[in-house]
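*Asks:* My questions will all concern the structure given below.
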Ligand SMILES: Cc1cc2nc3c(=O)[nH]c(=O)nc-3n(C[C@H](O)[C@H](O)[C@H](O)COP(=O)(O)O)c2cc1C
């Protein structure tokens, strides 16, 4: 697939400013510009409208007219780096309906058109209409048209890089695209998740927060099961799966752990001085009693015996593996809308005693889990001024410690804006 392909869907109601948006947006487009019109001048009104549109566009646009076989235009007109604005998709749908195409045929042509557009070595903007917002049409054909247009719009929106909704002349980006210059060939692997699923994964990653404020509402047992299973699907050295999960809801046990925290935190505060100490003491660093569920994730170094594939030279990989399980749990909980807070301000031996953890096991993470009013928009330690996210650029080296990039090409994303 060409690396310069960029696809934009412009949608909105009638006279919402869609065509104008396309013209303005691509006013300074440096390559060849094609307007692919699906309208046919079958009556006077349409003839006048087509003429008016041509005048508005100006001479730098080449008009192509094709009511039905749009697919062929994208296949035979490839002019690398050019722009095709297809105006509009809904007329194409009605042209097919008038041509008595079956729904199946229309959907199959839609998928073929999307494939051809995605192969096009340039920019493609498709103008369509949101026709489904009003009352239900009173006749079957209009209802069929409304339904087809809605489903087809969805297919385009799913496949396209960017979607803009026009409301009273104002553009609202409903799906953010990536500029073609930033698109890399390797990003277009056929094994990638569909765009919305991919976005879901990144949402979980970027919107995961360490939480210390919880609501008392119980967690549904099925959801608890799902997040534990997500944890259990983490990678582990030699497939060792060294973890156990102690799920705690007993207030008496929680109270013991909380006492442990209080003591450890008082000692912890002593490590700091002045304003930093004050700030430390002002921050809520746990939600042990508030969260309906606490989970202690442990690591059993003896699991699978003395010889674990891959662990001989780095025995601590059992702990790394357990941390991977914790991260899985944390992300899956975020996707489920549940807050997780990791508490490490605990005296380890005391925790083992309070939870009856056998001596040869290590508690790796003590997690508070529950519902919340809302997720912090940025790490609490950042919003309180304790620490800031470091620049990724300064943390990435090339080939050796502190090695610089040279010809190496990595496009680091712009630092995600915080708060999200
Ligand atoms: C190993 C580990 C131990 C942590 N221990 C605590 C803790 O005892 N108390 C606390 O408030 N946060 C704790 N955190 C949460 C971090 O403060 C938090 O992850 C960090 O500030 C970044 O914020 P974010 O997780 O919301 O992105 C811990 C996190 C990790 C990974």
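Only the coordinates and a few stated rules stand behind these numbers; no lab work does. As the structure is a computational prediction, the values presented were derived from the model and not from experiment. Heads up, the Cβs are rebuilt from the backbone with ideal geometry, glycines too, and the neighbour counts pull from every protein chain shown.
*Asks:* Looking only at the range 200-244, which residues have a backbone nitrogen under 14 Å from a spot 7 Å from the Cα of residue 381 in the C-beta direction?
*Replies:* Residues 209-212 fall inside that zone.
*Asks:* Any chance you could give the angle, 0 to 90 degrees and rounded to 10, that helix 221-232 forms with the longest Cα principal axis of the chain?
*Replies:* With both axes taken from Cα atoms, the answer is about 80 degrees.
*Asks:* Where a ≥ b ≥ c are the square roots of the eigenvalues of the C-alpha gyration tensor, would you call the range 6-192 rounded, which needs a/c under 1.5, or, failing that, prolate if a/b is larger than b/c, or oblate?
*Replies:* rounded
*Asks:* Considering only DSSP beta bridges whose two residues both sit in the range 6-192, what percent are antiparallel, to the nearest 5?
*Replies:* 15 percent
*Asks:* Highest mean first, what order results for 232-244, 141-153 on Cβ atoms within 10 Å?
*Replies:* 232-244, 141-153
*Asks:* Now, a different point. Any chance you could give the angle, 0 to 90 degrees and rounded to 10, that helix 251-269 forms with the longest Cα principal axis of the chain?
*Replies:* 90 degrees
*Asks:* How far is helix 44-57 tilted, in degrees, relative to the longest principal axis of the Cα atoms in the chain, given as a value from 0 to 90 rounded to the nearest 10?
*Replies:* 60 degrees
*Asks:* In deg cm²/dmol and to the nearest 500, what is the mean residue ellipticity at 222 nm of the chain if only DSSP H runs of at least 4 residues count, each as -39500 (n - 2.57), divided by the residue total?
*Replies:* Using -39500 (n - 2.57) per qualifying helix, the result is -12000 deg cm²/dmol.
*Asks:* Which peptide among 26-35, 84-93, 404-413 comes first, and what is the full order, when sorted by highest mean count of other Cβ atoms within 10 Å?
*Replies:* My ranking of the peptides, most packed first, is 84-93, 26-35, 404-413.
*Asks:* Here's a follow-up. By how many nm would the segment from residue 220 to residue 197 lengthen if fully extended, with 0.36 nm per residue of separation less the alpha-carbon distance?
*Replies:* Length gained between residue 220 and residue 197: 5.9 nm.
*Asks:* Further, regarding this structure: Please state the equivalent ellipsoid semi-axes for the chain: what are the square roots of 5 times the Cα gyration tensor eigenvalues, largest first, in whole Å?
*Replies:* Result for the chain: semi-axes of 55, 24, 22 Å.
*Asks:* Rounded if a/c is under 1.5, else prolate if a/b is larger than b/c, else oblate: which is the range 49-115, with a ≥ b ≥ c the root eigenvalues of its Cα gyration tensor?
*Replies:* It comes out oblate by the Cα gyration axes.
*Asks:* Zone of residue 40 (label point 7 Å along Cα→Cβ, backbone N under 16 Å): which residues in the range 53-71?
*Replies:* 65-71
*Asks:* Moving to a separate point now. Pulled fully out, how much extra length does the chain show between residue 391 and residue 284, if you take 0.36 nm times their separation in residues and subtract their Cα-Cα distance?
*Replies:* This chain segment gains 35.9 nm when fully extended.
*Asks:* When the convex hull of the Cα atoms of the range 207-395 is projected onto a plane and the area is averaged over all directions, what value comes out in nm²?
*Replies:* Across all orientations, the range 207-395 yields a mean hull projection of 12.2 nm².
*Asks:* So, in nm, how far is label residue 302 from label residue 20 when the simple model puts each one 7 Å beyond its Cα toward the Cβ?
*Replies:* With each label placed 7 Å out from Cα toward Cβ, I get 7.7 nm.
*Asks:* With all distinct Cα pairs included, what does the Kirkwood hydrodynamic radius of the range 4-95 come out to in Å, to one decimal, could you say?
*Replies:* Result for the range 4-95 stands at 14.0 Å.
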